[in-house]
1. Where a ≥ b ≥ c are the square roots of the eigenvalues of the C-alpha gyration tensor, would you call the range A:241-349 rounded, which needs a/c under 1.5, or, failing that, prolate if a/b is larger than b/c, or oblate?
2. Regarding the range A:41-109, what are the three Cα extents along the principal axes, ordered largest first, in Å?
3. Not counting the cut sites, what is the longest span of chain B without GluC sites (Glu not before Pro) that DSSP labels loop and that have at most 13 other Cβ atoms within 10 Å?
4. With a bin width of 20 angstrom, please list the P(r) values of chain A as percents of all Cα-Cα pairs, from the 0 bin to the one holding the largest distance.
5. Considering the convex hull of the alpha carbon atoms of the range A:7-50, report its projected area averaged over all viewing directions, in nm², one decimal.
6. Would you grab the residues whose amide H sits under 5 Å from the one on A:Leu128? Only those 5+ places off in sequence or on another chain, please, with H modelled 1.01 Å from N.
7. Provide B:His229, A:His26 ordered by accessible surface of protein heavy atoms (probe 1.4 Å), highest first.
8. Which whole-number percentage describes the relative contact order of chain A, with Cα contacts under 8 Å and a sequence gap of 6 or more?
Number of protein chains: 2
Amino acid sequence: MKKNYTIKDIARIVGVSKGTVDRVIHQRGRVSQETAEKVKAVMAQFEYRPNPIAKRLKKNTIYNISILLPQKNSDPYWLPCFAAIEQVEREYGHFGIKLNRYYFDPEVTASFLSVGLEAIASKPVAFLMVPLFFREAEIIAEKCKETNIKVATFNNYVNQSKVDFFIGQDLYQSGRVAASLFYILIKEKANLAILHIDESFQNASHMQEKERGFIDYFEINKSKEVKIHIHHLKKEDGFSIEETITNFKRKNAYLDGIFVTTSKAYLLANGGRVSSTKPILVGYDLVEKNIAHLKEGNISFLIHQDPKKQVYLSLTSLVEYFLFDNPFRKQLLLPIDIINAENYSYYLA
Amino acid sequence: MKKNYTIKDIARIVGVSKGTVDRVIHQRGRVSQETAEKVKAVMAQFEYRPNPIAKRLKKNTIYNISILLPQKNSDPYWLPCFAAIEQVEREYGHFGIKLNRYYFDPEVTASFLSVGLEAIASKPVAFLMVPLFFREAEIIAEKCKETNIKVATFNNYVNQSKVDFFIGQDLYQSGRVAASLFYILIKEKANLAILHIDESFQNASHMQEKERGFIDYFEINKSKEVKIHIHHLKKEDGFSIEETITNFKRKNAYLDGIFVTTSKAYLLANGGRVSSTKPILVGYDLVEKNIAHLKEGNISFLIHQDPKKQVYLSLTSLVEYFLFDNPFRKQLLLPIDIINAENYSYYLA
DNA sequence: AGTTAAAATGTGCTCGTACACGCAAAATAT
DNA sequence: ATATTTTGCGTGTACGAGCACATTTTAACT
């Protein structure tokens with residue numbers, strides 16, 4: 001039954017005015033050493049914590065946070081991010097949190113840089129981005145450091161020293177999770193492929209980490225005989241991505257399983273069950289087309305990277321820091337959710 | 001760039017005093033029909049939303065919430081709940097949220113009822129419980145209804161009409177998830193057991209739902225030949241639970257896999273790898289002993305019921321309702337998290 | 001000693017809302 | 001007609017913190 005002590009309480013107990021207590025709290029000087037000590041002692045004794053409600057009401061400032069995201073008509077993987085932004089706006093709008101959205105074209109590196117610079121030109125208190133282009137992201141991050149803007153990143157890893165906050169998955173470990181699933185899905189002997197598909201190979205390191213984890217798992221668990229083949233696939237000139245995939249499937253018909261390291265597993269599931277020898281598929285992300293194939297049984301498992309949660313948590317971490325001085329951890333690694341046809345629905349929206 | 005309009009703004013625009021606007025908002029009467037209409041119109045036009053911060057500061061009321069939980073030295077499954085309570089206290093303490101803990105002995109039905117009644121005797125605004133004993137839980141819930149106390153439940157399902165809020169998992173579906181995992185773990189033919197272990201069988205329906213889901217899955221997916229055996233295990237007089245388990249294992253050595261519907265899977269994993277024919281184990285809950293066996297490979301998968309999240313979300317739903325009038329959904333079904341040796345660590349605390 | 005600057009402390013308003021109170025005009029009663 | 005109640009509205013204070021400004025106390029000079 002402990003009361004929340006106020007500045008007035010502390011002042012009364014020490015025998016000074018609240019102005020003096022306030023000066024001690026904010027270290028604004030003009031207080032004798034002696035009384036400062038007394039005030040501090042009493043504050044400590046009664047565990048004084050300033051009332052964040054009153055604080056907020058008084059300092060009626062607006063906190064602008066800029067967010068740099070891929071434009072809406074690009075990869076549907078990013079769609080849940082927008083819902084997260086709206087949720088934070090709803091929850092914290094009355095606390096003076098203003099979120100400003102900026103969109104870049106993921107196909108055009110230069111747009112990432114230019115829109116990113118535009119986003120921080122208005123001098124927000126914080127800047128959140130998905131650093132698809134790590135070189136450009138670092139340039140923006142450095143500009144933020146100069147102007148004292150907190151930098152948060154999600155989904156893609158960049159050099160920790162450049163940013164204040166990162167949230168995402170441990171990609172190496174997610175590769176291992178995928179491998180552990182294949183391990184129970186395959187027979188005693190199997191040919192497996194790691195398949196990196198992306199229209200543009202921005203995030204090479206992103207895929208490499210997953211690859212490393214996947215290979216390591218089978219290095220350690222040797223009781224099944226597995227051969228791992230690594231393939232990079234990209235839209236070829238004169239062919240659609242679908243044609244490229246069909247071509248790949250024909251050339252590699254001997255594969256028992258394919259680990260698709262991007263959200264494009266549905267491309268391999270398309271065309272469906274050619275025969276009972278169709279390869280086992282494990283991929284990433286709960287995008288609509290993947291879900292459809294998961295339900296059909298064409299994809300065995302998906303790993304959920306939860307972009308919505310990533311955006312929600314990065315924004316709330318920043319917000320709580322500015323509003324309530326809650327320190328945030330420099331790095332947050334989200335769970336590696338294993339999704340199949342029986343549990344996917346609980347992870348949507 | 002829309003401003004947040006205040007009562008004062010509205011008053012100025014209408015040409016009345018803030019007192020009048022306030023009376024309209026709270027429907028306290030003493031306002032002429034005519035001006036009331038005008039005020040309402042202007043509020044609607046400028047989308048007036050009362051500032052929850054100021055509101056909270058003024059109405060300095062304390063919201064007492066009572067929580068009924070199993071006492072700490074019982075099943076370790078409940079341990080994460082306490083952390084959730086502390087977190088909510090930290091986050092909402094300054095908003096006047098006070099959480100009062102009450103503990104019952106899960107071995108003694110009567111203690112549930114008596115401590116529960118004690119918990120609501122102090123007339124809290126809300127009451128959260130884990131309704132292990134559904135009959136007694138309904139009695140308490142009815143008492144709450146009479147005295148206008150909001151009733152929230154988690155983990156165990158009770159009649160929806162009796163309570164205001166429920167959070168937990170869809171148990172039928174979680175049985176199906178377990179079955180879908182066995183499906184890929186077993187060979188073409190297999191003998192599987194559903195094993196209900198509990199020192200006391202309070203939550204019979206809890207287990208039945210899981211059983212039903214498990215069986216249904218194999219009814220639908222018939223491409224593997226599975227025989228399902230159902231067993232109830234309970235501490236027998238004169239024997240320790242461990243001895244009972246050993247006895248069960250010896251008598252049922254032919255089993256290829258065992259689905260343990262409670263958090264006691266570790267009991268079957270104990271004694272470890274008797275031979276290469278040891279049964280495949282899938283169980284529930286990330287309690288310490290289960291995790292240890294998961295790492296060792298004695299348990300293949302665990303389904304995470306996330307008691308911490310259950311408590312956290314039920315409390316925050318109530319809190320946001322009282323503080324900010326946020327309506328809560330009557331029922332919230334949490335994801336059925338699939339956990340193995342490679343991803344468990346991200347789900348712990 | 002008196003004057004003045006500097007240091008230490010107190011006072012009072014503000015943020016937006018809730019609510020008690022006050023006071024005039026209108027409606028009713030005597 | 002005057003007294004009294006009712007209706008409709010305005011005023012003012014409080015919640016706790018922050019900050020500008022006022023006031024007192026102490027120190028430092030002539």
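1. Numbers: a/c = 3.36, a/b = 2.67, b/c = 1.26.
It is prolate, given that a/c is not under 1.5 and a/b is the larger ratio.
2. 59, 22, 21
3. Values: sites that count: B:Glu47, B:Glu107, B:Glu188, B:Glu236.
Excluding the exposed sites themselves, the longest stretch runs over B:237-349.
4. All Cα pairs considered, the percentages come to 26, 45, 22, 8, 0.
5. On the way: hull surface 10.4 nm².
Mean projected area of the Cα convex hull: 2.6 nm².
6. Sorted by chain and number, the residues that satisfy this are A:Ser66, A:Ile67, A:Leu68, A:Ala152.
7. On the way: B:His229 35, A:His26 95 Å².
Order by accessible area, largest first: A:His26, B:His229.
8. Numbers: 553 pairs, mean separation 54.7, N = 349.
About 16 percent, as a whole number.
The values are calculated or read from the model by the stated rules, or taken from the named source; none is laboratory data. Quick caveat, the model's predicted, so the values are computed rather than measured. Cβ: placed from backbone, ideal geometry, glycine included. Neighbour counts: every protein chain shown. Accessible surface is based on the protein model in full, side chains and every heavy atom, while ligands, DNA and RNA are left aside. Shrake-Rupley method; radii C 1.70, N 1.55, O 1.52, S 1.80 Å.
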